[in-house]
Amino acid sequence: MVFKAKRRTVVTTAAAIFVLLVVGIVVSVVTSGSGAANANADMITYPAGHRPDAPDFTATSLTGTPINFASYRGKIVVLNVWGSWCGPCRGEATTLKYLDEQYGPQGIAFLGDDIQDTPTNALNFLSGHGITYPSVNDASGAVEERLAIAVPISGTPTTLVIDKTGHIAGMIDGPVTYPEFNTLLQDAKVTQ
Amino acid sequence: MTDVHAHSAKAGPGAETADLDREATRPFGTGPVEPAETGRGGASGPPPTAAGWGRWAWRQLTSMRTALILLFLLALGSVPGSILPQEGSDPASVTQYFTSHPSLAPWLNRLGLFNVFAAPWFAAIYILLFASLVGCVVPRTFKLVGSARTPPPRAPRNLARLPHSVSYPSALSPDAAVDAAASVLGGQRFRLRRPAAGDSGHWLAAEKGYLREVGNLLFHLSLLGVLLSIALGGLFGYKTDELITEGQTFSDTPAQLAEVHLGRLVSGSDLAPFSLTLDKFTADYIDSGASIGQPAGFTANVSYSAAPGDPTKTDVIQVNHPLSVDSTKVYLIGHGYAPEFKVTGANGQVAYSAATPFIPANTNTMLSDGVVKAPDASLGFEGVFVPTAYMANGTTLESIFPAANNPEVSLIGYSGNLGLNSGETQSVYQLDTSQMKEIAGGPHLMTPGSTWKLPGNLGSITYVGTKQWVSLEVTYDPGQIPALVCGILALAGLLLSFFVRRRRVFVRAVPGADGIGSVVTVGGLTRTDASGGFEDEFASLAADIADVSSPSAPLSSAPSSSDAGPAAPADNQKPEPNNQPETGA
Amino acid sequence: MSVNAGLAHVSTDFMIAALLIYSLALLAFAGDYAFGRPRRKAMMAAAPAADRAAQLASVGAAGGSAAVVLDDAEPGTAEPTASGPGGSVPGATASGTAGASGSGLPAGITARPARPVGALRSIAEAGPWVRAAATLSALGILAHVVAVTTRGLATHRAPWGDMYEFITALTCVAAIFFFYILVKYRAWAIGVFVMGAIVIALGLAETLIYTPAGPLVPALQSYWLSIHVTAMTLSSGIFFVAAVLGIMYLVAERYRKRVAAGKAEPNPLLDRIPSGPQLDKLTYRAVVFGFPIWTFGVMAGAIWADQAWGRYWGWDPVETWAFITWVIYAAYLHARATGGWRGVRSHYIQLLGFASLLTNIFVIQIFVTGLHSYAGVQ
């Protein structure tokens, strides 16, 4: 009889602790509000061999010419997701133009992915900032969607660097800065 | 198992009903923890050891009284959450409250009253409540399992003390009478107990209604299940919002969504990868009668593909009819107007051309505010859109009907630096005019198709036409179905616990006067707070047993006990056999 | 689909007719309360002395509850669990024992346990006032049901889409539920109070919050209207009756305590209110009926909210108050199982729950903005 009573207490205590744990989880889930996608890191780099595939896509540029991403294989690609309506994108546009002028001759390809925009507004933006590299007319967001499946893109602007084998070497969340870009570029060159 | 018999010897004539109560409840074995509440049993203070304090605290926590207090606190705590604006559902109103109550609002904020249901103190209340619940439910589950295997208690010696009892003579011998009763009760699916070999007397104990406690436990445990389901949703679910104009497409990614709320374990890549186009949106309004202007229906025609590369399907989203894409649902939340503008800069080039969503300031008339930004032409405009224009007093632009029967837009123009080049984020619905100069000629009223040539060769703006936008919400909640299932189980448990009575019926037969036949006494009891109806059931059972155990005519002329007393009690002296509802004889 | 104005008028006419008939029923109940009930008691008291003695003897010998003697309640009313031997069978109390003693059986033994009495017969035998009141109540309910139904037919939807419709449907449910317990438990004495409350509520609805029949806003155009609001209407109607009984209980208990303590003079009208335990049991049974329906209604509301607003629970003010009401009624149920909280305290809790329900309907839905503001009241 005594043994039975003790076992009962043990089970009851265990159940109570379990419930308190579960409820504690509930509380922390509820009280901390919505979790961010990730810790909003400025930069994510993927070591060679553990890089997500960059999705292939075909699309049209803002000027109407076809773009086939597969044809970019063999080159390092800097892919910038932007929109003419996006304030921080205006800020980094000058930086990107400079990087294009500097690294373009070295064989690094720059490509834009213009989302939720119209060609008129987008071309205006580009000519206003002197950017000459092509951008995908991604008004429907289909290309960005494929990218977002591969890496956690959380907003605009976002810049991806893709290595020569077609894998995503890293990502900058927010406006591009020179030091970050340099780091990413060096990483991307290592493809083992 | 306590025996009722042991206590009936103590009770004198005219025993208080309270005593009978205790006898009635205690044998059921799953009664409330009475001694702790009333202070009897010496639970006045805990022994001075840690374990003693712990046990005392635990017993206090799991007592009914504490549960009562916690329930009150839960209800009370919810009140401010319904009266004050809450961050979770209406952050704009919260900000407004701060501006209108500048001294009170910060104090309310410190107490967490603007986000009550996520506040730590509210969580503490329901944590304690659920701990109390579990602490009560688990031991009772043990007791239930235990009682499921034990037979009913022995029949008390004096059945007349029970709340329901009736005695009548029978022609059968005591043994046969009890057997007959057993057949009746057994046929009603009572669990029976007969005297053991050594017991004297002819009696029968029957018990039924174990499902009641099962229902009770099921209900309380299901509530816990609901809580767990809510947690599941909070961890793995997400909710996103997007505003989309007719003709536009968006994909379900954080970069393309206006608002993203992800569960704790969800990352942006986990969102369902569909893309959706708003083909057309129609809002119908009642145009005559007492309810003029009231919305009659909203319809959004959309095309979507569930994943990149999937074929495109078309569908309709309406209020109360969300679209299901894989395991997510897309809801129609709001709508508004998006007038289309074309802005030409000083150099003659088109600097901006798009349908611009305007936000309704008044949902009854759909008068809306919006902003057009053309930073590359250094132009910005603030506008008011009215779907059915009406000039009140000749000067004030108003809308008198929510449908776009006579759309007009009134613009104030600015030229200068919009402040976007520094790269800071700005709301697309607000214009920062701190570095801009107002253009002369505003507010300029425009009808569709008209152009405003800006003075000073700054350019021009054309009001091309009017489109509509909708705001959609995409939700994914894996805890939804479990919550529903737990809710249904809780309801089932509730019904069982309310409408199944745990009851006992006892039958005793003693040899009759002069050794002929027997006198049968049938007694019954049920939990004092049971939902009732037992009187009728007991009466029917007693009558059934009487039928079976008195197959011959009654020993004396039967009183008409079926008549309601009030009419003429004196009449009941006379035998009225034709009033007997049953004629077992 | 436009509203059928003709049917809408028919609905209003029948609603007013129901109100009038209920008022007449109220008068009949009042008549029974004032005249019929005492006559029934007097008849019982005037029974031959032998019968009375037998009654008392059997009561005393069995050691059963003394409530039969103290309460003076007529045997025709339900005596839940607090009755002596043979008293557990409605209609078979004293008469059965009396008859037995008259036929030579020892005290406390009846010749045959009797089956419960049929409802219609007990109405017939309760006197002309009760007969009239029951008939009028039934007629009133009929008219009320027609009124509610034609309103639904006029608007081509379930007739609880705005506050006026909700109140009229709620009072209809209350009337039906009241009639059910009136007959099942032969509780004639509660008629004057409950019917009075129904008349007041329906009257206020007709005069203050009448809304012409109109179509529903899009958010309400769903078959869930029939499910969720129906459940809330049903349970609200039942809680309405429970609240009236609770008030009766509190009044009666306070009066009896004061009389017992010598602080007040016995008042013949108040004397006739049914006993505390009886009212307590009736109230409990009403809440037990209403609570699962309220629970179901809240759940159905959550399912509908998920369809319409994208989430099954968002602490919208009306949702929150439905939750508060639920918690308070749950507290009442717990209180009844807790020592020291039964009796008067539990009724305070129950009435607090009803107050919360009323707050939800009349304050929150009208004055607090949220997703639920469909009252239609300007």
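Every number here is computed from the coordinates shown, using simple stated rules; none is lab data. Because the structure is a prediction, the values reported are computed rather than measured. So basically every Cβ, Gly included, is an ideal-geometry build from the backbone, and we count neighbours across all protein chains shown.
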Pair-distance profile P(r), taking every C-alpha pair of region C:255-367, with 5 angstrom steps and integer %: 2, 10, 16, 17, 15, 12, 10, 7, 5, 3, 2, 1, 0
C-alpha center-to-center spacing [region B:185-240, region B:61-138] in angstrom: 33
Three semi-axes of the equivalent ellipsoid, region A:43-188, Cα gyration tensor, whole Å, largest first: 21, 17, 15
Length-normalised contact order for region B:238-476 - Cα pairs under 8 Å, 6+ apart - percent: 20
Zone of C:THR211's modelled label, taken as backbone nitrogen in region B:271-314 under 15 Å from a point 7 Å along Cα→Cβ: B:290-296
Region B:94-142 pair-distance distribution - Cα-Cα, 5 Å bins, rounded %: 5, 19, 17, 13, 11, 9, 8, 6, 5, 4, 2, 0
J(HN,Hα) series, region B:342-358, from Karplus relation 6.51 cos²θ - 1.76 cosθ + 1.60, nearest Hz, glycine and proline x: 10, 10, 10, x, 4, 7, x, 8, 6, 9, 7, 8, 5, 7, 10, x, 10
Kirkwood Rh in Å, taken over all unlike Cα pairs in region C:133-206: 12.7
Region B:242-266-region C:234-282 distance, computed between alpha-carbon centres (Å): 59
Cα gyration tensor category, rounded, prolate or oblate, for region B:233-370 with a/c compared to 1.5: oblate
Computed E for B:ASP536/B:ASN405 - FRET, C-beta separation, R0 45 angstrom, nearest 0.05: 0.10
Loop chymotrypsin sites (Phe, Trp or Tyr not before Pro), region B:96-197 (other Cβ atoms within 10 Å of the site Cβ: 11 or fewer; DSSP): none
Interchain or long-range residues, amide H under 5 Å from B:GLN468's placed H: B:GLU246, B:ALA338
Shape category assigned to region B:238-476 from the gyration tensor of Cα positions, a/c cut at 1.5: oblate
Taking region B:50-145 and dividing mean pair separation by its residue count, relative contact order in percent (alpha carbons under 8 Å, at least six apart): 38
Percentage relative contact order, region A:43-188, counting C-alpha pairs under 8 Å, at least six apart: 36
Per-residue ³J(HN,Hα) for region C:24-33, Karplus 6.51 cos²θ - 1.76 cosθ + 1.60, θ = phi - 60°, Hz, x for Gly and Pro: 5, 4, 4, 4, 5, 5, 4, x, 5, 4
Förster radius 56 Å - calculated FRET efficiency between B:ALA57 and C:ALA42, Cβ distance, rounded to 0.05: 0.45
Theoretical gain in end-to-end length, A:GLN102 to A:SER71 [0.36 nm per residue, Cα-Cα removed]: 8.9 nm
Ordering of C:27-36, C:260-269 by burial proxy (mean other Cβ atoms within 10 Å per residue, highest first): C:27-36, C:260-269
Cα shape, region B:50-145, gyration tensor, a/c 1.5 rule: prolate
Gap separating the Cα centres of region B:432-475 and region C:300-354, nearest whole Å: 51
Filter on A:LYS97/B:LYS280; A:LYS189/B:LYS313; A:LYS164/B:LYS329; B:LYS342/B:LYS437; B:LYS437/B:LYS467; A:LYS164/B:LYS342 - keep pairs with C-alpha separation over 31 Å: A:LYS97/B:LYS280; A:LYS189/B:LYS313; A:LYS164/B:LYS329; A:LYS164/B:LYS342
Karplus 3J(HN,Hα) series, Hz, for region B:61-68 with 6.51 cos²θ - 1.76 cosθ + 1.60 (x for Gly, Pro): 5, 8, 7, 4, 4, 5, 4, 4
Under-5 Å amide H pairs with B:ALA389, H placed in peptide plane, nonlocal only: B:ASN406, B:GLU408
